Amino acid sequence: MSQMILIGSDELELFYKKKFYFSYSGINKLLFSPGLFYNHYILNNREDSTDTHLVAGRVLHCLLLEADNYDKQFITMPGKFPTDSQKKIIDTLFKKHLVIGNDTLDLSDYSNDILTQLVTNNLYQTLKTDQQRLDKVLTEENKEYFEFLKKSLNKTVVDQTILDGCNISVEILRQNIQVRALLQLDPDDQDDSVKVYNELHLKTDPEELAFGFHGVLDNVVVDHNSKTIFINDLKTLGKSIQDFPDSVEYYKYWIQAVIYVMLAKKEFAIDKDWAVQVTFIVIDKYNLVYPYQVSKATLTQWESNFEEVVKTIKWHYENKRYDLPYELALGNVKL
C-alpha cells in the first residue's frame, strides 16, 4: 500500500463507513488522477475552483433555468474581479480570515500571508522588494473585493462584467427557437402530459455495485404521451461552436451523458419502452448557439464504453487503491 494511503488511513476508514455516490466530476478526478480523488473526497482537502469562467458558467445556468434563485446563490459586486492569479490568492486568504473570525481585519493585515502566497504561486518574484510585490496585490480594487467577500456569507461573488455578459448570453439562448422548445421555456404551450424539471438532483443504487451514482441534471422534460425523456445539458464553450465534439472527448462529457441517462431512466421510465434523448445545448465564446443532439447509435456506444469505466471505478473502490491510475496500478503499461 502506498505511503499516501497510509497517511490517510483513518480518513479512508471513515470514507468507507457509508456508501459513496460517484458524480461525473468525481469519476473524472478518479480517472485522471486517483491521488486527486483521494485528496478531494477521502481526505476532504477540497479546492473548489473559483475561476471566473466557472463562476460565469454557474451564473448562466442559474439565470436561464432558475432565475428566482440567483439572489440565494450569488451576490453581485460592482466593478471587476481581480485577475485569476490574484483572485486565487485573495480567496485563499479569505478562507483563513473566516477561521480567524475577526472582521476588523482587512486585506493589508494579511501582508505576510500575501508574500508567502506570491512565492508559492511564483508571482512577481522578479520585483526587487517585498513592498513592490505587495503593491501589486494591495490595490483598491482587490481591497474592495476582499471586503465584498466579507459581506457575501455563503454566496458566490459575481462581478458586474460577468453578470452583464451572462445576461446577454441568456437572452440569446431564450431567443433561440430550438432552445426554447428543448427546455420548454413556453409553459403555455405545454399540456398536462409534459413535465419539466430544472436543476434536478438524482441518485441511483445499482444492485451489483457497492457504490452508487448521482448528478444534477440541468433540464429534464418528461413526455408521457410519447414515452420519451429529454435530457438537456447546457454547456458554455471557451472555443468556437464547431469545436465542441472535441470537448466531449477531452472533458469526457460522454460519461456525464451516460450517468444522466441512467439516473433519468431510474426516476422516470415506467417500462422498457421508454426512450431517452440527450442534447447538449452549447453556447460558445462568441454567443453562437447549437444544440448537439446525441444519436441513438452514439449513446449506445457510450454506454458500452462506460462499462470499462465502471470496471475501473470498481477496482479502485473495492481494492481501496488510489495511488496510481488503473492501468499503471496493474502494471499493464510499457513503453
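Brief remarks follow.
- Residue in segment 176-186 that is within 21 Å of Val261 (Cβ to Cβ), among the hydrophobic types (A, V, I, L, M, F, W, C), part of a strand (DSSP E or B) and out of contact with any Gly (no Cβ under 7 Å at 6 or more places or on another chain) present: no
- Residue match in segment 87-98 (condition: surrounded by fewer than 18 Cβ atoms within 10 Å (Cβ to Cβ) and either in contact (Cβ under 8 Å) with a residue 60 or more places away in the chain or outside any helix (DSSP H, G or I) (or both)): no
- Summed over segment 204-242, residues that are acidic (Asp, Glu), over 30 Å from Asp192 (Cβ atoms) and free of Cβ contacts under 8 Å to residues at least 40 places away in the same chain total 2.
- Ser85 vs. criteria over 21 Å from the mean Cα position of the chain (by Cα) and among the small types (Gly, Ala, Ser): no
- Selection count where residues are under 22 Å from Phe32 (Cα atoms) and not aromatic (Phe, Trp, Tyr), scope segment 197-235: 7
- Count of segment 117-137 residues which are outside any loop (DSSP other than H, G, I, E, B), of a type outside the set (D, E, K, R) and surrounded by fewer than 13 Cβ atoms within 10 Å (Cβ to Cβ): 4
- Subset of segment 11-41 [within 18 Å of Pro206 (Cα to Cα) and in a helix (DSSP H, G or I)]: Tyr24, Gly26, Ile27
- Segment 232-251 - residue that is of a type outside the set (S, T, N, Q) and buried (at least 17 other Cβ atoms within 10 Å of the Cβ) and, of those, farthest from the chain's Cα centre (by Cα): Phe244
- Inside segment 190-233, residues that are closer than 30 Å to Lys311 by Cβ, assigned to a strand (DSSP E or B) and either modelled with pLDDT under 95 or touching a strand residue (DSSP E or B) at 6+ places or on another chain (Cβ under 6 Å) (or both) make up a count of 16.
The values are calculated or read from the model by the stated rules, or taken from the named source; none is laboratory data. Just so we're clear, the structure is a prediction, and the values are computed from it rather than from any experiment. A quick note on method: Cβ atoms are made from the backbone with ideal geometry, for glycine too, and the neighbour counts reach across all protein chains shown.
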